[in-house]
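Following: one structure in structure tokens, then a few remarks.
The values are calculated or read from the model by the stated rules, or taken from the named source; none is laboratory data. From a predicted model like this one, the values you see are computed outputs, not experimental measurements. A quick note on method: Cβ atoms are made from the backbone with ideal geometry, for glycine too, and the neighbour counts reach across all protein chains shown.
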Amino acid sequence: MDRAAKRRTRVAIVGAGPAGFYAAESLLRGEGDFAIDFVNRLPTPFGLVRDGVAPDHQAIKSVTRVYARILAREEVRYFGNVTLGRDLSVDDLRQRYDHIVYAVGAQSDRRLGIPGEEIEGSHAAFEFVAWYNGHPDYRGSRFDLSCEEVVVVGNGNVAIDVARILLHAPATLAGTDIADHALEALGASRVRRVTLLGRRGPAQASFTNPELREFGRIDGVRAQVDAAELEIDAASEASLAENVVRQRNMKTLAGYAAAWESGGDSERTVRFRFLVSPIEVISDGGRVTGVRIERNRLVALEDGYMRAEGTGETEVVPCGLLIRSVGYRGVPIPGVPYCERRGIFPNAGGRLTASATDDATVPGEYVVGWAKRGPSGVIGTNKADAAATVRLLLEDLATGVNCRRDDAEGDLADLLGSRGVRWIDKNGWGRIDAHETGRGKPEGRPRVKLCTAGEMVAIAGEAVRTR
Ligand code: NAP
């Protein structure tokens, strides 16, 4: 390796999403001299900011300016379109880097574990979100939008995103960076009602309040809440005292309930149901036709957590499309310890550990973001989270404890080149970015996304390295 990196501490960051960029930012901010290589599965960087944040929330995406500045730094290289576990092994990284930071997020979905979950027309929110955002792996997904009724299971912000995207007038989305295939499909959508199912009560919903309030401002959409479902038990009432977000949510929902009762026309409806769990997905033998739900009651556990418990009372909510939005989940990487139960990489504050039950740390390896703590928090949450992990890395570097032997050698570019791996570097991403934003300009859109890895590689052109 002939670049100055020889004298620098070499760090591989696996995953170029928010957590990875905040880890790089923390490393570059300190006094150490680091050479940072991002290894990213998709050709494009920025993770969930590109593939997760809803297209009608463009302001949130402006954070990529910060990431772009980090990427532009001389100490940072980008290896996009490179999959750890396929194109190279963890041992390949261990040989070449002093430290590895896993910032791989949560690349799949939690399951409900109920009969019929796999029936056609039942999808994970993960898939729907990736599809409308133009994630190359989900370019070919199909959602039946010819039905009028959709059920979304879950009471988190992803469930809200899904409902909003399904209910927006197509004109609202036309000026965004939504994938063209999704814009076309949603343009022909006949969906008129989206019902969100919360297994617990309104006081336990994990929506943040600005997201919940947005339904009050969407043209042609009314929010329906049954006032009776907003009557909460004493323990839930008491729990609100310490939680301003949930107090606000209760107020917003009460406003929706009152407005609904006073009547008025709406083309489309978002309905909030609480204290109900899906127990079976129903089909006509082929496709989803409804979901059987069971009414719940809340039981307070010793630690104060309010758990939902079935009452045996059931009903069927008809729908032609079911979206399960009950949380994301990590995916293991061959050769890296993984906690199956939690769907994360086991760690002690960010130091990778041998397993969920063995606290022995894996020298020189760290975890940040959703891969570290599970799928919670907003983009900014990852900043402090990554900084905390990097503090441990710097501490280890200073003390020499939890470090591998100082024998890292060999350059990743040489290895990938010798294997014929086509990776996309910073210039390649620059071309993709310029191409997408250039296509968006005449249409008044922030960008028109390329949605297949093949197109991306073609546009990246000579910047794609195959040495
Ligand atoms: P989440 O906030 O954890 O919500 C998951 C929901 O699924 C909860 O309501 C949970 O209910 C429910 N659930 C879990 N298992 C269930 C089951 N078996 N049956 C029925 N319901 C079940 O997760 P998320 O919505 O996927 O969001 C992930 C993170 O990204 C969150 O921190 C979120 O705030 C963030 N995010 C933010 C934005 C934004 O800022 N605009 C947008 C999208 C996502 P319980 O509470 O009962 O467990």
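Answer yes or no as to whether HIS123 is more than 9 Å from the ligand (Cβ to nearest atom) and out of contact with any Phe, Trp or Tyr (no Cβ under 7 Å at 6 or more places or on another chain). No; evaluated as a whole, the condition is false for this residue.
Counting only residues that are buried (at least 23 other Cβ atoms within 10 Å of the Cβ) and at pLDDT below 95, segment 155-184 holds 0 of them. Among the conditions (1) away from the ligand (no atom under 16 Å from the Cβ); (2) surrounded by fewer than 19 Cβ atoms within 10 Å (Cβ to Cβ), the only one that GLY374 does not satisfy is (1).
Determine which member of the set ALA386, ALA398, ALA356 is within 27 Å of ARG86 (Cα to Cα), of a type in the set (A, V, I, L, M, F, W, C) and out of contact with any Pro (no Cβ under 8 Å at 6 or more places or on another chain).
ALA386
Quick check, is GLY428 farther than 29 Å from GLY30 by Cα and either among the acidic types (Asp, Glu) or touching a residue at least 40 places away in the same chain (Cβ under 8 Å) (or both)? No; evaluated as a whole, the condition is false for this residue.
Only one of the listed residues (ARG50, ARG77, ARG110) is within 30 Å of ARG8 (Cα to Cα) and either away from the ligand (no atom under 16 Å from the Cβ) or within 20 Å of the chain's Cα centre (by Cα) (or both). That residue is ARG77.
All conditions in (1) within 11 Å of the ligand (Cβ to nearest atom); (2) of a type in the set (S, T, N, Q); (3) out of contact with any strand residue (DSSP E or B) (no Cβ under 9 Å at 6 or more places or on another chain) hold for GLN204, with the sole exception of (3). Among the candidates VAL270, VAL316, VAL245, the residue that is surrounded by fewer than 18 Cβ atoms within 10 Å (Cβ to Cβ), among the β-branched types (Val, Ile, Thr) and either outside any strand (DSSP E or B) or touching a helix residue (DSSP H, G or I) at 6+ places or on another chain (Cβ under 9 Å) (or both) is uniquely VAL245.
Number of residues in segment 429-463 that are surrounded by 14 or more Cβ atoms within 10 Å (Cβ to Cβ), among the charged types (D, E, K, R) and under 19 Å from ILE178 (Cα atoms) equals 7. Within segment 327-359, the set of residues being part of a loop (DSSP other than H, G, I, E, B), surrounded by 21 or more Cβ atoms within 10 Å (Cβ to Cβ) and within 16 Å of the ligand (Cβ to nearest atom) comprises GLY330, GLY343.
State yes or no: is GLU25 in a loop (DSSP other than H, G, I, E, B) and of a type in the set (D, E, K, R)? Steps first, answer last, please.
Values: in a loop (DSSP other than H, G, I, E, B): no; of a type in the set (D, E, K, R): yes.
So GLU25 does not fit the description; no.
When the residues of segment 33-56 are filtered to those that are of a type in the set (Val, Ile, Thr) and touching a helix residue (DSSP H, G or I) at 6+ places or on another chain (Cβ under 7 Å), which remaining residue is farthest from GLY85 (Cα to Cα)? Talk me through it step by step, then tell me what you get.
Taking segment 33-56 first, the residues of a type in the set (Val, Ile, Thr) are 36, 39, 44, 49, 53.
Next, from what is left, pick out any that are touching a helix residue (DSSP H, G or I) at 6+ places or on another chain (Cβ under 7 Å): 36, 44, 49, 53.
Working: ILE36: 20, THR44: 19, VAL49: 24, VAL53: 27 Å.
Going through the qualifying residues, I end up with VAL53.
Filtered by the rule that a residue be touching a Leu at 6+ places or on another chain (Cβ under 9 Å) and among the small types (Gly, Ala, Ser), segment 282-319 gives GLY290, ALA308.
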